[in-house]
Amino acid sequence: MNEQIQEVLALTNRWVKRLSREKFSMLFTLIQPMLFWLIFFGNLFQRAADIQVVQAPNYMSFLAAGVVVMTVLNNGLAGGVDLLFDKENGFLERLMATPIRRSSVILSRFLFVMAITAMQILVILGVAFLFGVSAETGILGIALILVIGMLFGVGLTAISMAMAFSVKSHGDFFSVLGFLSLPMIFLSSALVPLAAMPGWMKTLAFFNPMTWVIDAIRPLILTGWSEALPQVAIALGVLAAFDALCLYGGARAFRRSVG
């Protein structure tokens, strides 16, 4: 167990060093969701949104939960891209030939993606606070937001790594990534409440796990524990099934790719 912990930490450190060498990438990774979605999109629709429809003090308050979950979505679905590049340049094959546990490679990637995602969530909540949006459930609520976000991110990262091990080129990977991410955002309650959606979109959004995650995080920010706890319980059940399915698929793709 100690040896595997050392392997995971060493491989995670590799991902960190790679990101630290790409300073612009690191900067935009942290600020992009906050800048484009929360600040630009939130302020753009601040006056256009009907407060009675979104059932929030303002659109920025309503959007905060959606931006948090969209950040988890984008990070998770992009989580396997570095593994894909390692596979393409032959490094992954050489790494698999060394006497390390293959699971350490996967665990290190999960750890790295979750750490980056947690930092982004905290940045987004901090910027939202500057615009007058604070979590009604306090520090414990923020901690629960991080937990829910990480659980959602685990399944998404598993999907991403399954794609990385299955596709033949990074062009195919990014094509699938774009195909998955935008429909998941628009067929969820990230930008508008379910009640404001057309019937067919509302039906599809009901089967989108992202919707349940957003509906659990939003009351943690807007209303308080009494409304949040039932939604959190439902979201945890949905995420348990979602993560189990994604991890199973990711494990099969990994075994099929590396033998």
Notebook entry, point to check: Between a first residue in the stretch 214-231 that is polar (S, T, N, Q) and a second residue that is surrounded by 24 or more Cβ atoms within 10 Å (Cβ to Cβ), which pairs have beta carbons less than 9 Å apart while being 6 or more apart in sequence or on different chains?
Noted result: Gln231/Trp212; Gln231/Ala216; Gln231/Ile217; Gln231/Arg218; Gln231/Leu220
Note to self: Between Gly178, Gly250, which is assigned to a helix (DSSP H, G or I), without any contact (Cβ under 8 Å) to a residue 24 or more places away in the chain, open to solvent by less than 60 Å² (accessible area, probe 1.4 Å) and more than 15 Å from Ala65 (Cβ to Cβ)?
What the structure shows: Gly178
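Restricting attention to the stretch 205-228, which residues are within 21 Å of the chain's Cα centre (by Cα) and surrounded by fewer than 16 Cβ atoms within 10 Å (Cβ to Cβ)?
To start, the set of residues in the stretch 205-228 that are within 21 Å of the chain's Cα centre (by Cα) comprises 205-222, 228.
Correct list: Phe206, Phe207.
Tell me, which helices (runs of 4 or more DSSP H) lie completely within the stretch 89-166 with 2 or more residues that are closer than 30 Å to Pro57 by Cβ and not β-branched (Val, Ile, Thr)? Break it down stepwise before answering.
On the way: elements: 91-96, 102-130, 138-166.
By residue number, 102-130, 138-166.
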Margin query: For Met184, only one of the following conditions fails: (1) in a loop (DSSP other than H, G, I, E, B); (2) open to solvent by less than 60 Å² (accessible area, probe 1.4 Å); (3) within 18 Å of Gly79 (Cα to Cα). What is its number?
Written below: (1)
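Just to be sure, is Val147 of a type in the set (Val, Ile, Thr), touching an Asp or Glu at 6+ places or on another chain (Cβ under 6 Å) and open to solvent by 30 Å² or more (accessible area, probe 1.4 Å)? So that I can check it myself, show each step before the final result.
Details: of a type in the set (Val, Ile, Thr): yes; touching an Asp or Glu at 6+ places or on another chain (Cβ under 6 Å): no; open to solvent by 30 Å² or more (accessible area, probe 1.4 Å): yes.
No: the conditions fail for Val147.
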Next item on the list: Considering each of Gly141, Gly149, Gly155 in turn, give the residue that is closer than 12 Å to Leu77 by Cα and modelled with pLDDT of 90 or more.
Entry: Gly155
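Here is a yes/no grid of residues against (1) more than 21 Å from Tyr248 (Cα to Cα); (2) open to solvent by less than 30 Å² (accessible area, probe 1.4 Å):
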position	(1), (2)
Phe62	yes, yes
Val81	no, yes
Arg109	no, yes
Ile116	yes, yes
Ile121	yes, yes
Ala128	yes, yes
Gly132	yes, no
Thr137	yes, yes
Gly141	yes, yes
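The values are calculated or read from the model by the stated rules, or taken from the named source; none is laboratory data. These numbers come from a predicted model, not from an experiment. No Cβ is skipped: glycine too gets one built from the backbone with ideal geometry, and neighbour counts run over all protein chains shown. For the accessible areas, the whole protein counts, side chains as well, though only heavy atoms, and no ligand, DNA or RNA atoms are used. Shrake-Rupley method; radii C 1.70, N 1.55, O 1.52, S 1.80 Å.
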